1. Given H placed on each backbone N at 1.01 Å, which residues far from Val53 in sequence or on other chains put an amide H within less than 5 Å of it?
2. What spacing in nm lies between the two simple spin-label points modelled at Ser86 and Arg49, each 7 Å away from Cα in the Cβ direction?
3. Under Stokes-Einstein, with the Kirkwood radius over Cα pairs standing in for Rh, what whole-number D in µm²/s applies to the stretch 18-138 at 37 °C and 0.692 mPa s?
4. At 222 nm, what helix-only mean residue ellipticity would the chain give, in deg cm²/dmol to the nearest 500, using -39500 (n - 2.57) for each DSSP H run of four or more?
5. Hey, rough spin-label estimate for Tyr16 and Ala127, points 7 angstrom out along Cα→Cβ, what's it come to in nanometres?
6. What is the helix-to-structure angle for 106-118, meaning the angle in degrees between its Cα long axis and the longest Cα principal axis of the chain, kept from 0 to 90 and rounded to the nearest 10?
7. In square nanometres and to one decimal, what's the mean projected area of the convex hull around the Cα atoms of the stretch 11-85?
8. Among 89-99, 116-126, 48-58, 75-85, how do they line up by average Cβ neighbours within 10 Å per residue, starting with the highest?
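Just so it is clear, none of the values below were taken in a lab; they were calculated from the coordinates. Model, not experiment: these values are computed from the prediction. Heads up, the Cβs are rebuilt from the backbone with ideal geometry, glycines too, and the neighbour counts pull from every protein chain shown.
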Amino acid sequence: MGAGSSIVKEIAKVMYSEPLAHMIYAAADVVVVPSMYEPCGLTQMIALRYGAVPLVRRTGGLADTVSDVDHGGGAAPRNGFVFDGSDEAALFGALDRALAMYAQQPAHWAALAQDNMRLDVSWGKSAKSYMDVYRSILGNY
């Protein structure tokens, strides 16, 4: 490499900044998480806390915590956009739906973001669920 290689090394330097990460979440309207595999997924939970609407591929922990605003079901709150498949058409379909809501229904989008910030995605809720299961098992003996 030539004399300019030190400049390239500086530009390409990989770093992580916790304050910057928080600012990015706080400034985002939507956070896209197209993971093929996601055993837990903190990204979408952090996005929910900041009011950034998650757009995720239905897998693992993403599927457990994000319910589609248009096609969600069950008792889970409809809090984001979900797509199936691993092709760009699936991703773009969900992105089109999200952008359409953002542009055409700003009040609905704002309410979704506000509702997402109120969701309890804490360990306290999960721990209580685990304790309830354990107590039900112990109660049967």
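1. Val30, Val31
2. In this crude label model, Ser86 to Arg49 measures out at 3.1 nm.
3. After rounding, the answer is 218 µm²/s.
4. Roughly -17000 deg cm²/dmol at 222 nm, from the helical runs in the chain.
5. Each label point is offset 7 Å from its Cα along the Cβ direction, giving 2.4 nm.
6. 70
7. 6.0
8. Per-residue mean Cβ counts within 10 Å order the peptides as 48-58, 75-85, 89-99, 116-126.
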